[in-house]
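Notes for the one structure printed next.
The values are calculated or read from the model by the stated rules, or taken from the named source; none is laboratory data. Computed from a predicted model, the values in this text were never measured in an experiment. Note: ideal-geometry Cβ built from the backbone for every residue, glycine included; neighbour counts use all protein chains shown. Remember, those area values only see protein heavy atoms, side chains included, never the ligands or the DNA or RNA. Shrake-Rupley method; radii C 1.70, N 1.55, O 1.52, S 1.80 Å.
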Amino acid sequence: MNASPEGSNRKRGARLLIVGPPGSGKGTQAKFIADVFGIPAISTGDIFRHHIMHQTELGVRVKAIVDAGDYVPDSLTNELVAQRLSEPDAANGFLLDGYPRTLEQVRFLDDLLAGDGRLEAVIRLTADEDELVRRLTHRAHEQGRADDTEEAIRHRQEVYARQTAPILDVYRERGLLVEVDGTGGVDEVAARIREALAARGIGDAGDTAAA
Ligand code: ADP
């Protein structure tokens, strides 16, 4: 369909993670970046919300946890991700959004990826706390997410700082961490991410053709 036979890194696949505090815009960026690379953006939060909305057995089990802004137990989350990554569309790569979030999940993902295909980069979006709260409050009005109450927002940020920040150290030590300023417009941040990845030989920031 698309005549880009040689040269272009677009749609070549990649194995990426995106990490950032609640409200950092990682979901939006994940979809964009995944599209650029022709890989699925897999958001554990979206998957849980989908199950909750459809009141599946899993959804019923995790609803109270997710609504409170706590983490779903690792065993459940890991199982879900293993299953999702085994689907055909993830064979060429994936961008995981919101996973791993704990050191136990990091270990699980390491085992899962052992052999075929290690991670290429971990994108970390940074943002100012005040801006984060502003964005989340705005989203609460627009989307009415049950975990976007002020109390749950604050709690999620605390949980993030305590549990998820340490995983960044692991990936930093492995030389995989790509830190990107997440403030500004969606396009601006997206361009920054692509440039940061391109600087590491992942994708091509100059290729802006949209599919
Ligand atoms: P945000 O990062 O904006 O808070 P997400 O959509 O990534 O939102 O996640 C929403 C909720 O889903 C989390 O607060 C948590 O309850 C649950 N969740 C998502 N990913 C994980 C994970 N990797 N481990 C445990 N719980 C998770």
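With respect to the conditions (1) outside any loop (DSSP other than H, G, I, E, B); (2) at positive phi, Arg192 falls short on a single one, namely (2). On inspection, Val72 passes the criterion of being outside any helix (DSSP H, G or I), of a type outside the set (Lys, Arg) and either open to solvent by 10 Å² or more (accessible area, probe 1.4 Å) or within 13 Å of the ligand (Cβ to nearest atom) (or both).
Only one entry in Asp148, Asp204 is assigned to a loop (DSSP other than H, G, I, E, B), open to solvent by 30 Å² or more (accessible area, probe 1.4 Å) and of a type in the set (D, E, K, R), namely Asp204.
Residues in segment 115-135 that are out of contact with any strand residue (DSSP E or B) (no Cβ under 9 Å at 6 or more places or on another chain), loosely packed, with under 15 Cβ neighbours inside 10 Å and not in a loop (DSSP other than H, G, I, E, B): 3 in all.
Taking the criterion of being of a type in the set (D, E, K, R) and at pLDDT 80 or above, the only residue of segment 1-24 that qualifies is Arg15. So which residues in segment 174-193 are within 18 Å of the chain's Cα centre (by Cα) and more than 20 Å from Gly23 (Cα to Cα)? Within segment 174-193, just Leu176 meets the criteria.
Considering only segment 164-197, state which residues are hydrophobic (A, V, I, L, M, F, W, C), over 27 Å from Arg107 (Cα atoms) and surrounded by 13 or more Cβ atoms within 10 Å (Cβ to Cβ).
Listed by number, the residues that qualify are Val189, Ala190, Ala191.
For segment 25-54, filtered to residues that are within 13 Å of the ligand (Cβ to nearest atom) and among the small types (Gly, Ala, Ser), the residue that is modelled with the lowest pLDDT is Gly25. Across segment 85-114, the number of residues qualifying as assigned to a helix (DSSP H, G or I) and farther than 20 Å from Val36 by Cα comes to 11. Only residues in segment 54-79 that are under 15 Å from Gly98 (Cα atoms) count as the first member; pair them with residues that are in a helix (DSSP H, G or I) and hydrophobic (A, V, I, L, M, F, W, C), Cβ under 6 angstrom, at least 6 apart or cross-chain, and list the lot. Short answer, once both residue conditions are applied: Val66/Phe48; Gly69/Ala152; Val72/Val62; Val72/Ile65; Asn78/Phe108.
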